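Trainee: Here's a structure for you.
The values are calculated or read from the model by the stated rules, or taken from the named source; none is laboratory data. No experiment lies behind these values; they were computed from the predicted model shown. Virtual Cβ from ideal backbone geometry, glycine too; neighbours counted across all protein chains shown.
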Amino acid sequence: MTTFLLMSAGRGPQECAWALNQLLHRLRGEGVRRGLTIQQVEAIPGDRTGTYRSVLIRISGVDAEAFAASWTGTLCWQAPSPYRSGTGRKNWYVTAQPPERDAPPTTFREADVDIVACRTGGPGGQHRNKASTAVRARHRPSGLVVVVDEERQFSLNRRIALDLLRQRIEQGDEAARRAVTTARWRIHDGLVRGDPVRVERPTPRRTGG
(Lines give C-alpha, C1' and ligand atoms only; values in the text may rest on other atoms or scores of the structure.)
Protein backbone atom coordinates (compact mmCIF):
# COMPACT_ATOMS: atom_id res chain seq x y z
CA MET A 1 0.00 0.00 0.00
CA THR A 2 1.32 3.44 -0.95
CA THR A 3 0.07 6.93 -0.17
CA PHE A 4 1.42 10.48 -0.34
CA LEU A 5 1.57 13.40 2.07
CA LEU A 6 2.42 17.04 1.34
CA MET A 7 3.94 18.87 4.31
CA SER A 8 4.09 22.66 4.11
CA ALA A 9 5.30 25.55 6.24
CA GLY A 10 2.80 27.77 4.45
CA ARG A 11 3.60 31.47 4.56
CA GLY A 12 4.98 31.21 8.07
CA PRO A 13 8.32 32.59 9.32
CA GLN A 14 11.64 30.82 8.86
CA GLU A 15 11.08 28.92 12.11
CA CYS A 16 8.16 27.11 10.46
CA ALA A 17 10.48 25.90 7.69
CA TRP A 18 12.84 24.69 10.42
CA ALA A 19 9.93 23.04 12.26
CA LEU A 20 8.94 21.22 9.07
CA ASN A 21 12.37 19.58 8.96
CA GLN A 22 12.11 18.56 12.62
CA LEU A 23 8.63 17.12 12.11
CA LEU A 24 9.78 15.28 8.99
CA HIS A 25 12.54 13.58 11.00
CA ARG A 26 10.01 12.65 13.69
CA LEU A 27 7.58 11.27 11.10
CA ARG A 28 10.33 9.21 9.45
CA GLY A 29 11.46 7.76 12.76
CA GLU A 30 7.94 6.74 13.71
CA GLY A 31 7.35 5.31 10.25
CA VAL A 32 10.52 3.20 10.35
CA ARG A 33 9.54 1.79 13.74
CA ARG A 34 6.25 0.69 12.17
CA GLY A 35 8.04 -0.99 9.27
CA LEU A 36 7.09 1.66 6.70
CA THR A 37 9.21 3.13 3.93
CA ILE A 38 9.28 6.94 3.78
CA GLN A 39 10.67 8.47 0.59
CA GLN A 40 11.07 12.15 -0.28
CA VAL A 41 9.59 12.82 -3.72
CA GLU A 42 9.82 16.62 -4.04
CA ALA A 43 11.05 19.43 -1.82
CA ILE A 44 11.19 23.21 -1.81
CA PRO A 45 14.05 24.31 0.49
CA GLY A 46 13.76 27.15 2.94
CA ASP A 47 16.03 30.17 3.17
CA ARG A 48 18.32 28.48 5.70
CA THR A 49 20.27 25.25 5.42
CA GLY A 50 18.34 22.23 6.63
CA THR A 51 14.91 23.85 6.33
CA TYR A 52 11.98 23.25 3.97
CA ARG A 53 9.05 25.30 2.77
CA SER A 54 7.38 22.11 1.60
CA VAL A 55 8.10 18.41 1.16
CA LEU A 56 6.14 15.75 -0.71
CA ILE A 57 6.70 12.26 0.70
CA ARG A 58 5.68 8.77 -0.35
CA ILE A 59 4.68 6.36 2.42
CA SER A 60 4.71 2.64 1.59
CA GLY A 61 3.92 -0.44 3.62
CA VAL A 62 1.18 -2.08 5.65
CA ASP A 63 -1.31 0.49 7.05
CA ALA A 64 0.45 3.33 5.20
CA GLU A 65 -2.84 5.20 4.79
CA ALA A 66 -3.68 4.96 8.49
CA PHE A 67 -0.22 6.21 9.38
CA ALA A 68 -0.52 9.14 6.96
CA ALA A 69 -3.95 9.97 8.42
CA SER A 70 -2.42 10.20 11.90
CA TRP A 71 -0.12 12.94 10.56
CA THR A 72 -2.75 14.77 8.51
CA GLY A 73 -3.81 18.25 9.60
CA THR A 74 -2.10 21.06 11.48
CA LEU A 75 1.12 19.97 13.19
CA CYS A 76 2.96 21.91 15.90
CA TRP A 77 6.66 21.79 16.71
CA GLN A 78 7.05 23.20 20.21
CA ALA A 79 10.52 24.59 20.89
CA PRO A 80 12.31 27.94 21.22
CA SER A 81 13.36 29.66 18.01
CA PRO A 82 16.88 28.67 16.91
CA TYR A 83 17.24 32.02 15.13
CA ARG A 84 15.73 34.67 17.42
CA SER A 85 16.67 34.37 21.06
CA GLY A 86 14.52 37.34 22.03
CA THR A 87 11.19 35.93 20.92
CA GLY A 88 9.04 34.15 23.45
CA ARG A 89 7.11 32.19 20.86
CA LYS A 90 7.58 28.42 20.99
CA ASN A 91 4.78 27.06 18.78
CA TRP A 92 5.65 26.67 15.06
CA TYR A 93 2.97 25.32 12.78
CA VAL A 94 3.10 23.10 9.70
CA THR A 95 0.29 21.54 7.69
CA ALA A 96 0.23 18.05 6.21
CA GLN A 97 -2.39 17.06 3.65
CA PRO A 98 -2.87 14.46 0.90
CA PRO A 99 -1.78 16.23 -2.29
CA GLU A 100 -3.60 16.54 -5.56
CA ARG A 101 -2.00 13.96 -7.82
CA ASP A 102 -0.91 14.57 -11.39
CA ALA A 103 -3.25 12.88 -13.81
CA PRO A 104 -1.50 10.48 -16.18
CA PRO A 105 -1.07 12.00 -19.64
CA THR A 106 -3.63 10.96 -22.24
CA THR A 107 -2.08 8.63 -24.79
CA PHE A 108 -3.28 9.64 -28.23
CA ARG A 109 -3.77 6.74 -30.62
CA GLU A 110 -5.38 6.94 -34.03
CA ALA A 111 -7.07 3.61 -33.27
CA ASP A 112 -9.13 5.45 -30.60
CA VAL A 113 -10.55 7.88 -33.16
CA ASP A 114 -13.76 7.22 -35.09
CA ILE A 115 -13.59 8.82 -38.55
CA VAL A 116 -16.78 9.45 -40.49
CA ALA A 117 -17.05 11.07 -43.92
CA CYS A 118 -19.74 13.73 -44.10
CA ARG A 119 -20.98 16.65 -46.15
CA THR A 120 -20.99 20.24 -45.00
CA GLY A 121 -22.03 23.50 -46.55
CA GLY A 122 -19.78 26.42 -47.34
CA PRO A 123 -17.54 27.47 -50.22
CA GLY A 124 -16.24 24.95 -52.72
CA GLY A 125 -19.00 24.58 -55.26
CA GLN A 126 -21.27 21.66 -55.90
CA HIS A 127 -18.39 19.16 -55.99
CA ARG A 128 -17.87 19.65 -52.25
CA ASN A 129 -21.58 19.35 -51.56
CA LYS A 130 -21.98 16.12 -53.53
CA ALA A 131 -18.78 14.38 -52.42
CA SER A 132 -18.35 13.42 -48.76
CA THR A 133 -14.91 14.99 -48.37
CA ALA A 134 -15.50 16.49 -44.93
CA VAL A 135 -14.43 14.58 -41.83
CA ARG A 136 -16.08 14.13 -38.46
CA ALA A 137 -13.57 12.71 -35.98
CA ARG A 138 -14.39 11.60 -32.43
CA HIS A 139 -11.75 10.64 -29.84
CA ARG A 140 -13.54 7.95 -27.82
CA PRO A 141 -11.55 8.13 -24.52
CA SER A 142 -12.03 11.90 -24.13
CA GLY A 143 -15.24 12.41 -26.10
CA LEU A 144 -13.69 15.26 -28.11
CA VAL A 145 -15.22 15.79 -31.55
CA VAL A 146 -13.97 17.89 -34.48
CA VAL A 147 -15.38 18.46 -37.95
CA VAL A 148 -12.95 19.47 -40.70
CA ASP A 149 -13.97 20.67 -44.18
CA GLU A 150 -10.96 22.72 -45.20
CA GLU A 151 -9.68 20.66 -48.13
CA ARG A 152 -11.26 19.05 -51.17
CA GLN A 153 -9.64 15.69 -50.42
CA PHE A 154 -10.94 13.40 -47.69
CA SER A 155 -7.43 12.18 -46.81
CA LEU A 156 -6.18 15.73 -46.16
CA ASN A 157 -9.19 16.57 -43.99
CA ARG A 158 -8.64 13.32 -42.11
CA ARG A 159 -5.02 14.24 -41.33
CA ILE A 160 -6.02 17.74 -40.22
CA ALA A 161 -8.72 16.31 -37.95
CA LEU A 162 -6.28 13.90 -36.27
CA ASP A 163 -3.72 16.66 -35.72
CA LEU A 164 -6.41 18.94 -34.28
CA LEU A 165 -7.57 16.27 -31.84
CA ARG A 166 -3.99 15.57 -30.76
CA GLN A 167 -3.38 19.29 -30.06
CA ARG A 168 -6.59 19.69 -28.06
CA ILE A 169 -5.80 16.63 -25.93
CA GLU A 170 -2.29 17.95 -25.20
CA GLN A 171 -3.76 21.33 -24.24
CA GLY A 172 -6.21 19.57 -21.92
CA ASP A 173 -3.37 17.69 -20.21
CA GLU A 174 -1.47 20.94 -19.67
CA ALA A 175 -4.57 22.60 -18.18
CA ALA A 176 -4.96 19.61 -15.83
CA ARG A 177 -1.33 19.94 -14.69
CA ARG A 178 -1.84 23.65 -13.96
CA ALA A 179 -4.97 22.81 -11.94
CA VAL A 180 -2.98 20.32 -9.84
CA THR A 181 -0.27 22.94 -9.16
CA THR A 182 -2.93 25.47 -8.12
CA ALA A 183 -4.54 22.93 -5.80
CA ARG A 184 -1.20 22.19 -4.16
CA TRP A 185 -0.58 25.86 -3.49
CA ARG A 186 -3.99 26.10 -1.84
CA ILE A 187 -2.61 23.65 0.72
CA HIS A 188 0.28 26.06 1.37
CA ASP A 189 -2.12 28.97 1.80
CA GLY A 190 -4.61 27.00 3.88
CA LEU A 191 -2.42 26.48 6.94
CA VAL A 192 -4.53 27.00 10.06
CA ARG A 193 -2.53 27.85 13.17
CA GLY A 194 -3.81 26.52 16.44
CA ASP A 195 -5.72 23.37 17.42
CA PRO A 196 -3.06 21.02 16.02
CA VAL A 197 -3.68 17.32 15.58
CA ARG A 198 -0.18 16.63 16.89
CA VAL A 199 2.24 18.54 19.12
CA GLU A 200 5.83 17.32 18.93
CA ARG A 201 8.79 18.46 21.02
CA PRO A 202 12.53 17.85 20.95
CA THR A 203 13.60 14.71 22.76
CA PRO A 204 15.06 15.69 26.16
CA ARG A 205 18.76 15.03 26.46
CA ARG A 206 19.82 12.47 29.00
CA THR A 207 22.16 13.64 31.69
CA GLY A 208 24.73 11.39 33.28
CA GLY A 209 24.22 10.45 36.89
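Trainee: For segment 59-92, name all the residues that are farther than 17 Å from ARG198 by Cα and in contact with a helix residue (DSSP H, G or I) (Cβ under 7 Å, 6 or more places away or on another chain).
Mentor: ILE59, SER81, PRO82, TYR83 - these are the residues of segment 59-92 that are farther than 17 Å from ARG198 by Cα and in contact with a helix residue (DSSP H, G or I) (Cβ under 7 Å, 6 or more places away or on another chain).
Trainee: Would you pick out the residues in segment 5-37 that are of a type in the set (Lys, Arg) and more than 21 Å from ARG89 (Cβ to Cβ)?
Mentor: The answer is ARG28, ARG33, ARG34.
Trainee: Can you pull out every residue in segment 38-54 that is of a type in the set (A, V, I, L, M, F, W, C) and free of Cβ contacts under 8 Å to residues at least 24 places away in the same chain?
Mentor: Residues of segment 38-54 of a type in the set (A, V, I, L, M, F, W, C): 38, 41, 43-44.
Correct list: ILE38, ALA43, ILE44.
Trainee: Identify the single condition in (1) outside the structural domain of GLY172 (by TED's automatic domain parsing); (2) touching a Ser or Thr at 6+ places or on another chain (Cβ under 9 Å) that CYS118 does not satisfy, given that it satisfies every other one.
Mentor: In the conditions (1) outside the structural domain of GLY172 (by TED's automatic domain parsing); (2) touching a Ser or Thr at 6+ places or on another chain (Cβ under 9 Å), CYS118 misses (1) alone.
Trainee: Just one of THR3, THR74 is under 15 Å from PRO99 (Cα atoms), touching an Asp or Glu at 6+ places or on another chain (Cβ under 6 Å), at pLDDT below 95 and not hydrophobic (A, V, I, L, M, F, W, C); which is it?
Mentor: THR3
Here's the yes/no breakdown for (1) surrounded by fewer than 17 Cβ atoms within 10 Å (Cβ to Cβ); (2) without any contact (Cβ under 8 Å) to a residue 40 or more places away in the chain; (3) not basic (Lys, Arg):
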site	(1), (2), (3)
LEU5	no, no, yes
CYS16	no, no, yes
LEU20	no, no, yes
HIS25	yes, yes, yes
LEU36	no, yes, yes
LEU56	no, no, yes
GLY73	yes, no, yes
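Trainee: For segment 43-54, enumerate the residues that are surrounded by fewer than 13 Cβ atoms within 10 Å (Cβ to Cβ) and of a type in the set (D, E, K, R).
Mentor: Answer for segment 43-54, where residues must be surrounded by fewer than 13 Cβ atoms within 10 Å (Cβ to Cβ) and of a type in the set (D, E, K, R): just ASP47.
For every residue, the table says whether it meets (1) on the phi < 0 side of the Ramachandran plot; (2) assigned to a strand (DSSP E or B); (3) outside the structural domain of ARG168 (by TED's automatic domain parsing); (4) of a type in the set (Val, Ile, Thr).
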site	(1), (2), (3), (4)
LEU27	yes, no, yes, no
VAL32	yes, no, yes, yes
VAL41	yes, yes, yes, yes
LEU56	yes, yes, yes, no
CYS76	yes, yes, yes, no
SER81	yes, no, yes, no
TRP92	yes, yes, yes, no
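Trainee: Something else now. Check ASP102 against each of (1) under 20 Å from MET7 (Cβ atoms); (2) modelled with pLDDT under 75; (3) touching a Gly at 6+ places or on another chain (Cβ under 8 Å) and name the one condition it does not meet.
Mentor: ASP102 satisfies every listed condition except (3).
Residue by residue, here is whether (1) under 17 Å from the mean Cα position of the chain (by Cα); (2) crowded, with 17+ Cβ neighbours inside 10 Å; (3) at pLDDT below 65; (4) not β-branched (Val, Ile, Thr) holds:
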residue: THR107; (1), (2), (3), (4): no, no, no, no
residue: GLU110; (1), (2), (3), (4): no, no, no, yes
residue: ILE115; (1), (2), (3), (4): no, no, no, no
residue: PRO123; (1), (2), (3), (4): no, no, yes, yes
residue: ALA137; (1), (2), (3), (4): no, yes, no, yes
residue: GLU150; (1), (2), (3), (4): no, no, no, yes
residue: ARG159; (1), (2), (3), (4): no, no, no, yes
residue: GLN167; (1), (2), (3), (4): no, no, no, yes
residue: VAL199; (1), (2), (3), (4): no, no, no, no
